[in-house]
Amino acid sequence: MSKKLFIIGTDTEVGKTRIAGLIVKKLLESGAKTAYFKPAASGNEVDADGALIPGDPLEATRLAGSSQPLATTCPFLYRAAVSPHLAARWENRPFDANVAEDALKRLDAEYEYVVIEGAGGLACPLRFDDEERLLFVDLIQKWNCPCLLVARSTLGTINAVALTAWTLRAREIPLRGIVLNRWSGNAMQEDSARMCAALADAPIVARVPEGGENLDVAPDLLRSFFA
């Protein structure tokens with residue numbers, strides 16, 4: 001069975017896809033057979049044949065230089081660029097955690113590591129109807145995965161990181177560390193990094209500049225994050 005790590009964010013558009021792809025890249029380059037997986041993705045475009053193009057999985061596997069078949073990366077694709085629960089309602093295809101888990105299990109036999117990317121933040125709803133109410137944090141807890149948190153290197157990050165870390169702690173979900181994305185290294189960012197680490201009680205494991213294509217983390221350290 002593969003080892004897994006959930007890549008979560010403080011919010012949407014913080015760079016989870018890029019960081020997930022760079023983690024896969026680093027592990028593949030170290031010789032570890034590694035897959036990318038995203039349970040649900042909304043905001044996908046349509047190709048000439050009318051099929052949905054898996055945008056985030058395509059970007060992550062491209063960054064990673066991975067040959068993983070796109071069909072194995074995301075079981076629930078939606079076109080509308082809204083929260084997955086709303087896109088699923090509009091497109092009449094509710095998210096099913098059991099179907100997603102089955103897709104994840106199919107990667108177990110082939111890969112040593114699986115990098116799982118979330119959507120939005122922890123409270124992003126996957127399903128919210130009369131039959132089931134499921135947030136991304138519920139799925140992480142159900143799958144018993146440790147997390148790596150991606151945050152922006154901008155004003156407001158301290159609060160967002162702290163609230164995310166405290167939510168994980170309340171759910172007894174391990175937080176392995178924090179990646180600060182779009183890093184330029186100014187004085188405010190340096191202080192934010194110090195405060196985020198202190199309030200989250202988790203290390204800053206990487207600082208990634210805008211458009212960065214490499215993760216400056218040793219492969220052995222990355223492997224230690226997985227469970």
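Please treat every number below as a calculation from the coordinates, not as lab data. Everything quoted here is computed from the prediction, not taken from an experiment. Ideal geometry is used to build each Cβ from the backbone, glycine not excepted, and the neighbour counts take in all protein chains shown.
Across the chain, C-alpha contacts under 8 Å between residues 6 or more apart give a mean separation that, scaled by the residue count, equals a relative contact order of 26 percent. Name the residue farthest towards the positive end of the dipole of segment 3-225 from the options GLY120, LEU52, SER192, assuming +1 on Cβ of Lys and Arg, -1 on Cβ of Asp and Glu, about the Cα centre. Positive-most Cα among the choices belongs to SER192.
Mean residue ellipticity at 222 nm, helices only, the chain: -11500 deg cm²/dmol; runs of at least 4 DSSP H residues each add -39,500 (n - 2.57), and the sum is divided by the number of residues.
Each other residue within a Cβ distance under 13 Å of LEU139 adds +1 if Lys or Arg and -1 if Asp or Glu, for a net charge of +1. Take the Cα of GLU29, step 7 Å toward its Cβ, do the same at MET188, and the gap between the two points is 3.1 nm. Looking at segment 105-182, which GluC sites (Glu not before Pro) are in a loop (DSSP not H, G, I, E or B) and have at most 16 other Cβ atoms within 10 Å? Qualifying residues, ordered by number: GLU110, GLU112, GLU131, GLU132, GLU172. Listed by chain and number, the aspartates and glutamates whose C-alpha is less than 16 Å from the C-alpha of LYS25, apart from same-chain residues fewer than 8 away, are ASP56, GLU59, GLU112, GLU117, GLU213, ASP216, ASP220. Take every DSSP beta bridge whose two residues both sit in the chain; close to 15 percent of them are antiparallel. When each of the peptides 209-220, 35-46, 76-87 is scored by how many other beta carbons lie within 10 Å of its residues on average, the order from highest to lowest is 35-46, 76-87, 209-220. Evaluated with a Cβ-only charge set (Lys, Arg +1; Asp, Glu -1), the chain carries a dipole of roughly 460 debye about its Cα centre, given to the nearest 20.
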